[in-house]
Amino acid sequence: MFKKIGLGIATVLILGTGLFATAAAQGQRGGGQFILTYGEELELTDAQKMQIMELRLDRRAEMQERRRDNRGRAAQQGQRNRPDRPQMRQNMMENRMELRSELLDILNDEQEARLKDILVAEVDERVELVRLRHEVMVEKAGIEGEKARSVLEVMNAQHAIMAGLQKERILSGEPFTSDEMEDIRERRQETRERIKNLLTAAEYEKLQEQMRSNMPQRPAERMQNRRNNR
C-alpha cells in the first residue's frame, strides 16, 4: 500500500511544487536525513535505522556504477553529443521512486499510518508559510494595492489546490493518472496567464525573478553558487 503513497508523493514533486518536505524527499536526500527527521516520531528501531542507511549506501553505489558504465560506453562509441537530458531526468526520477518505495517497505503498518499523518500535517503547516512567502515575493516585485491583492489571491488559490491534491494522494496511496497530471499542468499554465493579465510586462518579469530566486536549488547549483561567491 505505502509503495503507492511514495509514487503519489513523487508525482507531486515531478510537477515542480517544491514546497513540501515529504518523507519521499527526505529519503532521496539520504537515509540519515530521514532518520533525523522522522526517526523519533516513528520510533524506528536500531535494526530499521541500519536497514535505511544500508539501503541508501547501496543505492548510491549502484547509481555511481551506472554513471561510470554510461560514461564508458559513450567514450567507446566516440559520442560527443550533449546528453539526452529528458531521459536522464526520467531515469533519475525512476531511481528515486524505487528508493522511496524500498525505504517505506522497511516500516511496519503502524509506522506507515503514523507517517501518513505526519505528511498530511506537514502539508497543512506549510500553507501559512507559503502564503507569507508569496506576500514577500509580491512586495519585493514592487506590486502594490489592488494588484497585489489580486495576484496573491490567484497564487494562494493555486497553492491550496496543490496542497489539497497532495493530501489526497498521501491518504489514498494512489498515484496521479496521466490525465490528472495533464490537468494540473493546464491549471498551472492558466494561473500564470491570469497573473500575467493582472500585471504589466515589467511587473510580471520582476515577479518571475522573485519566484526563480525562491525556488529550491539542486545540489549542483548550490555547489556552483558557492564557487562563484568565493
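Between Asp105 and Glu209, the modelled labels are 4.9 nm apart [label points 7 Å from Cα along Cα→Cβ]. In this structure, the residue pairs whose Cα-Cα separation is over 32 Å, taken from Lys167/Lys196; Lys49/Lys167; Lys49/Lys140, are Lys49/Lys140. Positive contributions from Lys and Arg (+1) and negative ones from Asp and Glu (-1), summed over other residues with Cβ under 14 Å from the Cβ of Gly145, come out at -4. Potential lengthening of the chain between Arg188 and Val136 amounts to 16.7 nm, from the contour at 0.36 nm per residue minus the alpha-carbon distance.
Over the stretch 118-204, the alpha carbon radius of gyration divided by the compact-protein estimate 2.2 N^0.38 Å works out to 1.23. If you take all other residues with their beta carbon under 12 Å from the beta carbon of Ala61, and give Lys and Arg +1 and Asp and Glu -1, the sum is +2.
Coordinate-derived values only; no laboratory data. Computed from a predicted structure; not experimentally measured. Cβ atoms come from the backbone with ideal geometry, glycine included; neighbour counts cover every protein chain shown.
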